[in-house]
Amino acid sequence: MILLIINILYFIFNFVLIITWLKMSNSKPSNVNLKDTKLTIIIPVRNEADNILKLLQDLNNQNYPFENFEVIVANDGSNDNTEQLVLAFQDAAKYDLKLLNIFNENETSPKKRAIKKSIEISSGQLIITTDGDCRVSINWLTSIQQCFKTFDAKLISSPVTFTNENVFFNTAQIIEFASLIGSGACAMYLKKPNMCNGANIAYTREVFEEVGGFSGNEHLASGDDEFLMHKIAKIYPEKVIFNFDKSAIVFTKSQLDLLRFYQQRKRWASKWKHYNDWKVSVLAIFIFTVNLGVIISYFTFNFIDLLLKFSAEFVFLSLIISFLGHRNKIKYIPIIQLFYPFYVVFFGLIAQGKGYHWKGRKLS
C-alpha cells in the first residue's frame with residue numbers, strides 16, 4: 001500500500017512536469033536586435049588537447065559581434081599540449097582569446113578556482129561557462145544574450161546533451177541525462193530551481209559578486225554550478241531562467257567506459273548531501289525512495305506500481321529527448337527505465353562516501 005501511494009505521487013509529479021514543459025515551450029526568448037551585451041566565455045580545461053580547438057573554432061563561427069565577447073581558457077595544470085594549441089589559435093581567433101595558466105596548487109576545488117581567477121581578469125557583464133570538450137552552434141551566444149535581455153535574468157541555464165555515438169551505452173547516458181536536464185528546467189520555470197549544469201550556464205558579474213561567488217562551498221570539489229545557482233535563487237528565484245531554445249544546446253561527449261562513468265556520476269552525486277535547501281533534499285530523498293520501491297516491486301511482481309511509475313515518466317522523457325534532438329532514442333526509453341532504479345539507488349548510497357578520481361586527481 002505504501003509503495004502504491006509513493007508511485008501515485010510520482011505519477012502526479014511527472015504529470016506536473018509534462019504540463020510544465022509544454023507551458024515552457026511558449027516562453028522562448030524574444031528576438032533582440034541589439035547584441036550589445038559584453039560577454040565573457042570561461043572554459044576551464046585540463047588535458048583537453050583532443051577537443052579544445054573544435055570549441056574555439058565553434059566560437060569563431062558565432063553570429064554575435066566578435067568585439068562584444070572575450071574567451072578565457074583557464075588551463076588548470078594540463079600536462080598535454082593544451083596550452084600550445086590555445087596559444088597557436090590566438091592568431092586565428094576573431095575574438096579576444098586569453099590563456100590563463102593556473103598551476104597545480106593544493107586546492108580542494110580546482111574548477112571553482114579556475115572560474116574565480118578567470119572572472120578576476122574578465123571584462124564581461126555576463127559570464128558564460130562551458131567545458132573544453134563541448135561543441136556549440138553558431139547561435140549559441142546570441143540565444144543566451146537574448147534570454148538575458150528578454151527575462152532580465154540573473155542566471156541562465158541552457159540545455160546540455162551528449163553527442164550521438166551510435167552505441168547503446170551512449171544512448172543510455174543520453175536518456176539518463178535528459179531526465180536531469182528536463183526536471184531541472186521545469187523546476188526553474190516553477191521558480192523552485194534545484195539543478196543546472198556547468199557546461200552551459202551564464203550569470204551576471206554583478207550577481208556573482210553580490211552572493212559572494214563560491215564562498216561557503218570552496219571545500220567541495222563539485223558544485224560550481226548548482227551551489228552558485230542556489231545562492232542566486234535564494235535572492236532572485238524569478239530571475240533564474242531556463243533557456244528553452246534548441247540553438248542554445250551544448251553538445252558534450254558521453255563517457256566511453258563504465259569506470260569513467262562511475263567516477264563522473266560519483267562526482268555529481270557527491271554534492272547531494274551538501275544541499276542547504278530542504279526542498280531540494282526532500283526531492284532527492286523522494287526520487288531515491290521511488291526507485292527503491294521499483295526494485296522491491298520487481299521482486300514482488302507488483303505490475304500496477306510499475307505501470308504508474310513508468311507511464312508518465314516515459315511521456316516526459318520523450319518530450320525532453322525530442323527537444324534535445326534525439327527523437328530516434330525514444331524507443332530505448334523503456335529499456336533504460338528497467339535499469340534506472342538500480343542506478344539511482346546505487347549512486348544514492350555511493351554518494352555518502354568520500355572521494356573520487358577526476359582528470360587525474362583525487363578529489364573530495
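Quick notes on this structure:
- Take the conditions (1) of a type in the set (D, E, K, R); (2) out of contact with any Pro (no Cβ under 7 Å at 6 or more places or on another chain); (3) more than 21 Å from residue 135 (Cα to Cα); residue 50 misses just one of them, which is (3).
- Selection from the range 16-53 of residues that are surrounded by 15 or more Cβ atoms within 10 Å (Cβ to Cβ) and farther than 27 Å from residue 150 by Cα: 44, 45, 46, 47, 48, 49, 51, 52, 53
- In the range 85-111, the qualifying residues are those that are among the basic types (Lys, Arg) and at pLDDT 95 or above, and the one that is nearest to residue 72 (Cα to Cα) is 98.
- Taken together, 74, 114 contain a single residue that is in the same structural domain as residue 36 (by TED's automatic domain parsing), within 24 Å of residue 158 (Cα to Cα) and at pLDDT below 95, which is 114.
- Helices (runs of 4 or more DSSP H) contained entirely in the range 227-338, each with at least 2 residues that are at pLDDT 95 or above: 303-323
- Filtered residues of the range 293-339 (kept if in contact with a Pro (Cβ under 9 Å, 6 or more places away or on another chain), farther than 15 Å from residue 179 by Cα and not hydroxyl-bearing (Ser, Thr, Tyr)): 293, 294, 295
- Filter pass, residue 160 being without any contact (Cβ under 8 Å) to a residue 24 or more places away in the chain and among the β-branched types (Val, Ile, Thr): no
- Residues that are in a helix (DSSP H, G or I) and either surrounded by fewer than 20 Cβ atoms within 10 Å (Cβ to Cβ) or of a type in the set (Val, Ile, Thr) (or both) occur in the range 189-197; there is at least one.
- Between 170, 200, the distinction of being crowded, with 23+ Cβ neighbours inside 10 Å and in contact (Cβ under 8 Å) with a residue 12 or more places away in the chain belongs to 200 only.
- Conditions (1) among the acidic types (Asp, Glu); (2) closer than 25 Å to residue 215 by Cα; (3) touching a Pro at 6+ places or on another chain (Cβ under 9 Å): number failed by residue 120: (3)
The values are calculated or read from the model by the stated rules, or taken from the named source; none is laboratory data. The shown structure was predicted, so the numbers you read here are calculated from the model rather than taken from an experiment. Glycine also receives a Cβ, built like all others from the backbone with ideal geometry; neighbour counts cover every protein chain displayed.
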